[in-house]
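Peer 1: Pasting in a structure now, in structure tokens, and then I'll have a few things to ask.
Laboratory data are not the source of any read-out in this text; all were calculated from the coordinates shown. This structure is a prediction, so every number in the text was calculated from the model and none was measured. Virtual Cβ from ideal backbone geometry, glycine too; neighbours counted across all protein chains shown.
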There are 2 protein chains.
Amino acid sequence: MKSFNYKNPTEIIFGNGRIKEIGSLLKGRAKKVLLTTGKGSVKKNGIFDTVVKSLEENGIEYVEYSGIKPNPTLKHAQAGAAFAREEKVDGILALGGGSVVDESKAIAIGACYKGDLWDFYCHKAEPKKSIPLYVILTVPATGSEMNPNGVITNEETNDKWGYRTPLNYPVFSILDPETTLSIPVEYTIAAAIDIMTHSMEAYFSKTDEDSFILDRFVEALVKADLEALERLVKNPKDLEARANIMWTATLAWNGLVNCGAGRHVIVNHVIEHPLSAVYDITHANGLAVLIPASMTYYKEKYQKRLAVFGKNVFGLSGEDEAELADRTIIEFRVLFSRLGVPVSLSEAGINNPDIEYLASQTMKLLGETDLITQKDVEEILKLAL
Amino acid sequence: MKSFNYKNPTEIIFGNGRIKEIGSLLKGRAKKVLLTTGKGSVKKNGIFDTVVKSLEENGIEYVEYSGIKPNPTLKHAQAGAAFAREEKVDGILALGGGSVVDESKAIAIGACYKGDLWDFYCHKAEPKKSIPLYVILTVPATGSEMNPNGVITNEETNDKWGYRTPLNYPVFSILDPETTLSIPVEYTIAAAIDIMTHSMEAYFSKTDEDSFILDRFVEALVKADLEALERLVKNPKDLEARANIMWTATLAWNGLVNCGAGRHVIVNHVIEHPLSAVYDITHANGLAVLIPASMTYYKEKYQKRLAVFGKNVFGLSGEDEAELADRTIIEFRVLFSRLGVPVSLSEAGINNPDIEYLASQTMKLLGETDLITQKDVEEILKLAL
């Protein structure tokens, strides 16, 4: 195992019906919050009203900032930061999924900074302070509710870049499985793919070959994710499966799976970000296309762990390691196809993609690195055609 | 899954050679620390000198408080608290295994309290403040380095009681696998048994039957623990296995395995504490005796999960659930016997134990509960004879 530091100060408040606690939880912490939301689904399903009622009962003022999009944009975040400053809020309450949380993180640091918010994302500046962030998660997938990361897309440059700062750990996040009951199955499938990819990124790109506690932990996450998904495809109202997928999503990307993994590139994500920034596809579809491609590209390097993964997660049996590795990749293709998700760029509607440009965008995102080359990225994209 | 709140503020600093960082890590946090140690092994193997050198280089004063025993006692902790007060330390640096950390937790809260330290453990009082606690862990097993729990034995009453307060989370814990290289194999076996028991307590006593992410996580921990143990029995100098067991120990008892498990009794631990307080056996031997006994007692109730556990952890195959459950219990007996650990009270040298008294001590420790009865405890102890 490689050296690591791990600290995660976010408090998780998990359980059915717990969104009602929001007002009392904020009492004594915030007087007036910026309530950030997406495109309105929380208003249709009653969650917004429940939250607002709890805020009012506890004397917490709020101003709403709505309209956050699935790939949150720099301009909208900048405007949100200006609004938060104007309104002199002392807390930001993100109500939504990963995009709402990510943009709220940008607003939280942007509101306390006089320069351009993008400075942080392109590493020109470090935030010195932020407005405390509170989260009510209604769409589990990205893990943003218990990590310091956020992704913002700069519409002008096509850059979809992530940034992490300890200032962006939410103070607390409420995970109320009941709020996720109305999520359509296709969103749940997308979430499950994002969760499994988060779980596996370190597993299939780390330099440390001997951190088996992490390997077993990753396999556990993917198994739970798949079990929940199978149940939800059959019955989207399965509240227990909803609860399991919600907690699995958080555990998959709160830093634990990276502890001890050493330096590595989160290969599918760094290629997917430019892909969905340039072509308008969903994050999960991009990941589903890239997973079998990157596994195929690194098949020899990770043959042993592909075989072990296939045995432990998909229940494969056999002795021939190379054959098991191949079968593991096939299992992913079969799984994604069965779920109606594309497993190639052409299936995703992307014909003749500009591979060189996409790969250069990945390299730009990564900055200086010796872990992957533009050639590697191009080859993975070719395998995804 | 049941409702839960989870927050763990302890920072983990993990990696070979990292004990050397202690001085610089304390700089700005503490001026003078109480350096707590056990019975002297850290002086023989050079760890103490490395730590002291780093403290001196960084201008951190220290006073030593040594002689903490494997089952730390109330009197020694009380004297330590008085000494910490006298010396006006502003930090406590625990250097050792779980016992040193547990007693240091007692000292940290005891030094800031005018009454009797035992008041906390028997729930007569709540601590209002504490001296910040820093840990250098040299013997992984109890998980105390990343949780708010501590166990102290009151020699006068034979009570071995635990207490938890958020004040007792260490600020940081250094986990340096190299410091564990000299641990004798029999200690490593004991540690591995403690770790697997921590992992399994919720799995085999929870009321929630549908939190499968936790189940997979527990199986992952036990598998990693067993893999590390097998390697260390063959080669105690296997540094990678040492690293894996160290991190597994922390993950097994930092609260994660209990998230969503609902109300449950940590059955093996609550019976073992009186057992090792009354009869002078090691904690791990007590656990090894109790695990097959409690599994046998609850076999019908947990038949399905015993079968699943056997398949996922021991690689058992078959369809007959009852038979698989039986075989899982046998696997534990075989494992413990192979490791030279007792699987019955008589093998542990305890003949004609006072079952009624032991069970009453367990019930006293638990306080009011509807989860287990004195009769249940007596029956488990009888199955352990």
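Peer 1: So what's the protein assembly as shown giving for Cα Rg divided by 2.2 N^0.38 Å, two decimals?
Peer 2: Rounded to two decimals, the normalised Rg is 0.96.
Peer 1: Here's something else I'd like to know. Assume the label is 7 Å from Cα along Cα to beta carbon: what separations in nm does B:GLU56 have to the matching positions in the other copies?
Peer 2: Reported distances to equivalent positions: 6.8 nm.
Peer 1: Moving to a separate point now. Seen from all sides and averaged, what is the projected area of the convex hull of the Cα atoms in chain A, in nm²?
Peer 2: Average projection, Cα convex hull of chain A: 17.8 nm².
Peer 1: Run through the other copies and list how far each one's label point is from that of B:LEU181, in nm with one decimal, shortest first; the point sits 7 Å from Cα along Cα-Cβ.
Peer 2: 5.8
Peer 1: Multiply the residue gap between A:ASN45 and A:LEU239 by 0.36 nm, knock off their C-alpha separation, and tell me the result in nm, one decimal place.
Peer 2: Length gained between A:ASN45 and A:LEU239: 68.2 nm.
Peer 1: Hey, rough spin-label estimate for B:ASN351 and B:ALA125, points 7 angstrom out along Cα→Cβ, what's it come to in nanometres?
Peer 2: According to this spin-label approximation, the distance is 4.6 nm.
Peer 1: Still on this structure, I have one more. Can you tell me what share of the DSSP beta bridges in the protein assembly as shown is antiparallel? A percent to the nearest 5 is fine.
Peer 2: 30 percent
Peer 1: Quick one: order B:THR369, A:THR179 by neighbouring beta-carbon count within 10 Å, fewest to most.
Peer 2: B:THR369, A:THR179
Peer 1: Can I ask one more? Fewest to most neighbouring Cβ within 10 Å: what's the order for B:GLU56, A:GLU11, A:GLU300?
Peer 2: By the 10 Å Cβ count, ascending, the order reads A:GLU300, B:GLU56, A:GLU11.
Peer 1: When you look at the Cβ of every residue in B:222-229, what mean number of other chain Cβ atoms sits within 10 Å?
Peer 2: The mean count of partner-chain Cβ atoms within 10 Å per residue comes to 3.
Peer 1: Right, something else. Find how much the distance from A:SER317 to A:GLU378 grows on full extension, using 0.36 nm per residue of separation minus their present alpha carbon separation; answer in nm with one decimal.
Peer 2: Here the answer is 18.7 nm.
Peer 1: Restricting to chain A, what percent of DSSP beta bridges are antiparallel, rounded to 5?
Peer 2: 25 percent
Peer 1: Note down the nm distance, to one decimal, between modelled labels 7 Å out along Cα→Cβ at A:ASN158 and at A:LYS364.
Peer 2: 0.8 nm
Peer 1: Looking at the axis that maps chain B onto chain A, which chain B residue has the closest Cβ, and how far off is it in Å, rounded to a whole number?
Peer 2: Value returned for chain B: B:ALA220, 2.
Peer 1: Taking a label point 7 Å out from Cα toward Cβ, give me the nm distances from A:SER344 to the same spot in the other copies, shortest first, one decimal.
Peer 2: 6.6
Peer 1: Something else: Compute the long axis of helix A:267-278 from its Cα atoms, compare it with the longest principal axis of the Cα atoms of chain A, and write down the angle in degrees, 0 to 90, nearest 10.
Peer 2: In chain A, helix A:267-278 runs at an angle near 60 degrees to the longest axis.
Peer 1: Could you give the dipole magnitude of the protein assembly as shown about its Cα centre, charging the beta-carbon of Lys and Arg +1 and that of Asp and Glu -1, in debye to the nearest 20?
Peer 2: That gives the protein assembly as shown a dipole magnitude of about 1640 debye.
Peer 1: What is the angle, in °, between the Cα long axis of helix B:355-366 and the longest principal axis of the Cα atoms in chain B? Nearest 10 is fine, range 0 to 90.
Peer 2: Orientation of helix B:355-366: about 60 degrees from the principal axis.
Peer 1: Against the longest principal axis of chain B, how steep is helix B:283-297, in degrees 0 to 90 to the nearest 10, with axes from Cα atoms?
Peer 2: 30 degrees
Peer 1: Net charge near B:ALA307, counting Lys/Arg +1 and Asp/Glu -1 over other residues with Cβ under 14 Å of its Cβ?
Peer 2: -4
Peer 1: Between beta-carbons, use under 15 Å as the cut-off and find the net charge around A:ALA125, counting Lys and Arg +1, Asp and Glu -1.
Peer 2: It works out to a net charge of +2.
Peer 1: Using the Cα atoms of the range A:185-383, I'd like the radius of gyration and the largest Cα-Cα distance, Dmax, both in angstrom.
Peer 2: 16.2, 46
Peer 1: When Lys and Arg each count +1 and Asp and Glu each count -1, what net charge do the other residues less than 13 Å away from A:GLU156, Cβ to Cβ, add up to?
Peer 2: Net local charge, A:GLU156 excluded: -1.
Peer 1: Average projected area of the Cα convex hull of the range B:47-129, in nm²?
Peer 2: So the mean shadow area of the Cα hull is 5.7 nm².
Peer 1: At 0.36 nm per residue, and after removing the present C-alpha to C-alpha distance, how many nm does the segment from B:LYS304 to B:ASN58 gain when stretched out fully?
Peer 2: Once the chain is fully extended between B:LYS304 and B:ASN58, it gains 83.0 nm.
Peer 1: Please report, to one decimal in angstroms, the Kirkwood hydrodynamic radius of the range B:240-315 built from all distinct Cα-Cα pairs.
Peer 2: Here the Kirkwood hydrodynamic radius works out to 14.6 Å.
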